[in-house]
Amino acid sequence: MGGENIKDRKIQGKTAFAVASFVASVFILGLKLLNPTPIQIVIEGGGQNASITQIPGFFTLGDVVIIVIASIVLGISGTYLLLFDFAEKPAGELILEERKKMWEEIAKTLKEDEQKIYRAIIEAGGIIEQSKLPEKTGLSKSSVSRALDLLESKGLVERKRRGMGNIVLLK
């Protein structure tokens with residue numbers, strides 16, 4: 001009904017490049033470290049017979065260069081993914097932002113008094129004491145109460161009893 005879920009966020013831009021680099025580096029490193037290039041030594045004895053000897057387990061200069069480059073790319077992309085990309089807002093703040101976007105869209109459809117109250121609740125983070133609404137909106141207590149009744153009947157807010165007063169929550 002409006003905003004996208006946090007689960008639905010797509011990996012884009014620098015993050016996608018960092019992920020692709022990380023995966024490619026891990027693959028190349030694994031391939032090169034597990035399967036070094038076998039070195040073949042050919043010994044010709046007097047032009048008649050040649051013996052070919054394979055020495056497995058050695059790395060050629062090309063292998064070493066590839067391993068070093070893949071390690072550097074792996075380190076840089078891994079550091080980026082760990083430190084920079086996920087240093088975003090905590091999930092609670094992201095959810096609150098998504099809800100605020102949705103609430104702002106809903107607020108446009110309301111009447112003037114309802115809109116004032118609804119916006120005051122949004123500005124308070126989606127929860128406020130009913131007794132503070134007249135002060136924040138400039139409306140009388142009875143106008144606030146009537147508007148809250150309408151908002152509650154539309155399923156947009158919920159009032160919960162707390163001591164001698166009510167707390168108003170956005171749904």
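The values are calculated or read from the model by the stated rules, or taken from the named source; none is laboratory data. The model shown is predicted, which means the values in this text are computed figures rather than measured ones. Virtual Cβ from ideal backbone geometry, glycine too; neighbours counted across all protein chains shown.
Picking from Leu81, Leu31, which residue would you name as being of a type outside the set (Lys, Arg), without any contact (Cβ under 8 Å) to a residue 12 or more places away in the chain and under 30 Å from Lys14 (Cα atoms)? Working first, answer last.
Values: Leu81 fails: without any contact (Cβ under 8 Å) to a residue 12 or more places away in the chain.
Every option except Leu31 fails the conditions.
If I filter region 134-146 for residues that are touching a strand residue (DSSP E or B) at 6+ places or on another chain (Cβ under 7 Å), farther than 13 Å from Tyr118 by Cα and of a type outside the set (A, V, I, L, M, F, W, C), do I get at least one hit?
no
Of the residues that sit in region 133-167 and are over 35 Å from the mean Cα position of the chain (by Cα) and among the β-branched types (Val, Ile, Thr), which one is surrounded by the most Cβ atoms within 10 Å (Cβ to Cβ)?
Val144
Is it the case that Ser131 is within 30 Å of Met164 (Cα to Cα) and at pLDDT 85 or above?
On the way: within 30 Å of Met164 (Cα to Cα): yes; at pLDDT 85 or above: yes.
Taking the combined requirement at face value, the residue satisfies it.
Yes/no per residue for (1) at pLDDT below 75; (2) under 22 Å from Ala70 (Cα atoms); (3) within 31 Å of the chain's Cα centre (by Cα):
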position: Ile6; (1), (2), (3): yes, no, yes
position: Lys10; (1), (2), (3): yes, no, yes
position: Lys14; (1), (2), (3): no, yes, yes
position: Val23; (1), (2), (3): no, yes, yes
position: Val26; (1), (2), (3): no, yes, yes
position: Leu29; (1), (2), (3): no, yes, yes
position: Lys32; (1), (2), (3): no, yes, no
position: Thr37; (1), (2), (3): no, yes, no
position: Gly46; (1), (2), (3): yes, no, no
